[in-house]
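Taking it in order: structure first as structure tokens, then the write-up.
What follows is calculated from the coordinates using simple rules that are stated; it is not laboratory data. Since the structure is predicted, the reported quantities are computational estimates derived from the model, not experimental observations. Positions of Cβ are backbone-derived with ideal geometry, glycine not excepted, and every protein chain shown enters the neighbour counts.
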Amino acid sequence: MAIRSMQSGKSPGPDGYPSDFFKKFSNQLNPLLKSTFEESFLSQSLPPTMRQAVISLILKKDKDHLDCGSYRPISLLNTDTKILAKVLARRLEKHLPSIISPDQTGFIKNRYSFFNIRRLLNIIYSHVKGTVLETVISLDAEKAFDRVRWDFLFHTLEKFGLGSNFVSWIKVLYCDPVAAIRTNNSLSPFFQLQRGTRQGCPLSPLLFAIAIEPLAIALRHCVEVEGIRRGDIEHKVSLYADDMLLFISNPSNSLPKLLDVLKEFGTISGYKVNFGKSEAMPLGTITGELSSIFAPFKLSYNKFKYLGIWITQNHRDLYKTNYLPLLSKLKEDFGKWESLPLSLGGRLNIIKMTIFPKFLYLFQCLPIFLTKSFFNNLNSQISSFIWNKKPPRLKQSVLQRPRSAGGLALPNFLFYYWAANIRALLYWMKDHDNLSSSWVTLERLSVSQSSLVSLLCARLPLARPISSFTTNPLVVHSLKLWYQLRRHFEQTELSLNAPPHRHCMFSPSLTDEAFNIWTKLGITSMAALFTDNIFSSFEQLVNKFKIPQSHFFRYLQLRNFVASNTDCFPSCPPPSLLDDIFDFKPNAKRVISDVYVLLSNFRLSTLQSLRERWGSDLGQRITDETWHKIINSISSSSICLKHVVIQFKVVHRLHWSKTRLSKIKDGFDPTCDRCRREPASLFHMFWACPKLGSFWKSIFETISNIFGVPIAPCPFIAIFGVTPCDASLSKSHSDLLAFCTLLARRMILLKWKEPLPPVYGQWVKDVMYYTQLEKIRYTVKGSVRRFYDTWQPFLTYFERLSPDTIA
């Protein structure tokens, strides 16, 4: 499991063996590795090569390249060492949530960085004027991972009860390690390491989380260091790995003791605060000079940066300090890139890999309501870049369609914005096990005369403004963007996913605690009031949930409420998009992507007009099964993006035919340049032109000879690469046919404006050339057998082919 879970394509260590080597030969290497690890455990030392590492220095963003401290040391360990570390890490990560406080979210399962940011924003924006002075301190640790003392680390592991065997394995990893530094192409001599957890080791972040936890414990239990109290909860510490936030009140009394704790912890652990980069932001409006109180921390009155996000005193400034610079940088980058000779596929990949991740991170971390005009403006800039400032040849919504639905999976930023924020909203509904620590509690406490869940499920529009339920800007903006989604998808009816207690639309539940008893007895949502899709009788509820007999009047109240707000009462409303969204678990893997797919596929528009236009050209109706094959051919004909884009353009009729140009330009001759007889429609240019007859005939004859079955010339195969529904070809033969005809279409496009048609010999050369590339791609993906299953008939044919054939 450890070997299979390792990422491919990573740089190897000093011995040069990458993880792919161990994956390929795992059956042969596993017994040898097991024997080596067992011997190392007995001797309490790894073999010399397994103790080696090469340190590559990565310049930190916006740092001075002449300063040694500006570089991040990344240790390239030998893969066999990383396998051992991975085995230990997989064992350790299962237990970290039970021994590490929820205050630490870095590299802990089911904890995320947006927990820290959301908690921080809740604390800042719930500050009450006139109360005791409160401040947030962002601590910068100097070379945090590299300064951990090993004796302290081993002792801490033992104190957390991880067992002598496990601690011994850690000691094996940290016994006499050596490293060399690579500078350009020069490698220094190996030198001994004395401290630190190596960045690049799978186990390193987990060990660091354990090593810094005693500091968090000491601060939480130090009564002289006063935290910030919200409700009944005192907040003091928030960590993401080594990025530490401190919530301090009454700093004149708290800071001296805080500095003592930091100094004492540093003495025994190696931890050292970089006060030059550590910042303190007093909350609220500040009057008077505070620098003497907060020394040695640097004061930041309006904003500071935490986990890549600008944190501001006022919620309304979050957009200005985070989104506006990103939009400005986007415009600047597009200006630099627009002159580059990039293909459509290349421009789409720039959006996916360079632009989109930056926006997605902000979507996840900042609950800010963004209007649709924001996304219209963003889409306009993206469209201008994709089409190189020319009029778009296709709607952006078509590019955004999933590949399985005929698109190129261009991210829909609006849908990802909703999906990223929905993940946080799911914690409002399902954080029964305190999965998200204290930020959900803070947001729940900020709502009066209702509950967060009922506000999510209420019929729209609300009878009262959101501000009448809460003044918390994070909750207000989260609800506004949620209602924005519901209106977009026309999901404004009441959802039955809310419990009957403290429901914003059901006034008896706001004052009658009996409905809280119903919730505790198991009626956690109003949907539970239905049995076999019919509203339950009072007797059924009594028997199922043990509702007290004295609550019959409450039952009548609740029944009247549901009947008044559902159109099909007493039947249960049919499942809706909201029900599908609420079914997701907030801590599930890929939950944002899965919600995005759900939103993208909801009422996905058809490509019926495109289908009818091709049917008109072909002179026959395209069946559902054939059309499904044509749409799938866009992404299945080749694994090469360049070829995928060619097929996409063909299916979506993006190429300019002379017939189409003649309808735009007055006096333009629509006659085909090849045959000089018929109008040059797309159908004519790809198939019907007489000058293409011998070209297609030779290709179909070659394919028939290779497969050993006659393949009749067919426009569906020639234009789309799909076989008729009654064809009896195997999948490998169908894949090969699709790819070979795609190369033929590519040749036609290369000679689109020329009077001479493509020649068969060049097609054979192209197939032979791309066969080599296909083998490389299949090899990289570890699918060599699949390559030979697909290509063996062609390879055999090529071996018998005479040079005169392709001359």
Added length on full extension, which subtracts the Cα-Cα distance from 0.36 nm per residue, Ser698 to Gln192: 175.3 nm
Globularity index of the stretch 621-678, i.e. its alpha-carbon radius of gyration over 2.2 N^0.38 Å: 1.49
Dimensions in Å of the stretch 653-807 - Rg and Dmax from alpha carbons: 17.2, 56
Relative contact order, percent, the stretch 1-107 [alpha-carbon distance under 8 Å, six or more residues apart]: 29
Label-point separation in nm, Val178 to Lys781, each point 7 Å along Cα→Cβ: 4.3
Taking Phe739, Phe700, Phe602 and counting other C-beta atoms within 10 Å, the order from fewest to most: Phe602, Phe700, Phe739
Using a Förster distance of 51 Å, the FRET efficiency for Lys331-His221 (Cβ separation, nearest 0.05): 0.50
Percent RCO, i.e. relative contact order, over the chain, from Cα pairs under 8 Å lying at least 6 residues apart: 8
Ratio Rg/Rh, restricted to the stretch 632-712 and using Cα atoms, in which Rh is the Kirkwood radius: 1.07
Cross-link partners of Lys546 among aspartates and glutamates (Cα-Cα below 19 Å; sequence separation of 8 or more within a chain): Asp512, Glu513, Asp532
Semi-axis lengths, Å, the stretch 169-250, gyration tensor of Cα atoms, sqrt of 5 times eigenvalues: 38, 14, 10
Cα-based Kirkwood hydrodynamic radius, the stretch 539-589, one decimal, Å: 13.6
Coarse-grained scattering of the stretch 27-175 at q = 0.21 Å⁻¹, given as base-10 log I(q)/I(0) from a Debye sum over alpha-carbon atoms: -1.41
Degrees, to the nearest 10: 113-125 long Cα axis against longest axis of the chain: 50
Under the Debye formula (equal points on every Cα, no solvent term), log10 I(q)/I(0) of the stretch 579-655 at q = 0.13, 0.15, 0.21, 0.22 Å⁻¹: -0.59, -0.73, -0.99, -1.02
Gyration tensor (Cα) of the stretch 137-211, equivalent ellipsoid semi-axes in angstrom: 25, 18, 10
Mean projected area in nm² (Cα convex hull; one quarter of hull surface) for the stretch 188-296: 9.6
Neighbour-count ranking [beta-carbon atoms within 10 angstrom, fewest first] of Ile309, Ile3: Ile3, Ile309
Full-stretch length increase - Arg72, Ser571 - with 0.36 nm per residue and alpha-carbon distance subtracted: 173.4 nm
Additional length obtainable on full extension of the chain from Phe545 to Arg660, 0.36 nm per residue less Cα span: 34.5 nm
Overall Cα dimensions of the stretch 505-655, principal axis frame, Å, largest first: 73, 36, 26
Net charge, Gln313 excluded, C-beta distance under 15 Å - Lys, Arg +1, Asp, Glu -1: +2
Cα pair distances exceeding 17 angstrom across the stretch 739-786, given as percent: 44
Angstrom value of the Kirkwood radius, inverse mean 1/r, which spans all Cα pairs in the stretch 345-443: 15.3
Theoretical FRET efficiency, 1/(1+(r/R0)^6), r = Cβ-Cβ of Leu510 and Lys257, R0 25 Å, to 0.05: 0.05
Inter-site label distance for Ser291 and Lys585 at 7 Å from Cα along Cβ, in nm: 5.3
Descending principal axes extents, the chain, alpha-carbon based, whole Å: 93, 80, 57
Whole-number Å³ per residue for the convex hull built on Cα positions in the stretch 686-771: 89
Cα-centred dipole magnitude for the stretch 666-782, charges only on beta-carbon of K, R (+1) and D, E (-1), debye, nearest 20: 320
The stretch 1-96: Cα Rg divided by the 2.2 N^0.38 Å rule of thumb: 1.27
Value at 222 nm in deg cm²/dmol, rounded to 500, when DSSP H runs of n ≥ 4 in the chain each add -39,500 (n - 2.57): -15000 deg cm²/dmol
Electrostatic dipole magnitude of the stretch 484-619 [Cβ: Lys, Arg +1; Asp, Glu -1; Cα centre; debye, to 20]: 360
Violating pairs (Cα-Cα greater than 28 angstrom) within the set Lys320/Lys585; Lys272/Lys303; Lys430/Lys781; Lys236/Lys303; Lys94/Lys277; Lys61/Lys159: Lys320/Lys585; Lys430/Lys781; Lys94/Lys277; Lys61/Lys159
Using a Förster distance of 25 Å, the FRET efficiency for Leu729-Arg613 (Cβ separation, nearest 0.05): 0.35
For the stretch 688-731: span of alpha carbons on each principal axis (Å, largest first): 31, 20, 12
The stretch 261-315 - percent relative contact order, Cα under 8 Å, separation 6 or more: 29
Kirkwood hydrodynamic radius (C-alpha pairs) into Stokes-Einstein, the stretch 273-367, 37 °C and 0.692 mPa s, D in µm²/s: 202
Ranked packing of 658-671, 96-109, 237-250, most packed first, by mean Cβ within 10 Å: 237-250, 96-109, 658-671
Inverse of mean 1/r across different Cα pairs in the stretch 29-77, Kirkwood, Å: 13.5
Scaled radius of gyration (Cα, divided by 2.2 N^0.38 Å) that the stretch 440-551 gives: 1.15
The stretch 565-616: projected area of the alpha-carbon convex hull, averaged over directions, in nm²: 6.5
Nearby lysines by direct alpha-carbon distance to Lys82 (threshold 18 angstrom, same-chain neighbours under 8 apart not counted): Lys10, Lys23, Lys24, Lys34, Lys171
For Lys305, distant residues with modelled amide H under 5 Å away: Ile311
Degrees separating the helix 26-43 axis from the principal Cα axis of the chain, which is the longest one: 20
Taking Arg502, Arg119 and counting other C-beta atoms within 10 Å, the order from fewest to most: Arg502, Arg119
Cα-projected label distance for Ser404 with Lys277, points at 7 Å along beta-carbon direction, nm: 4.4
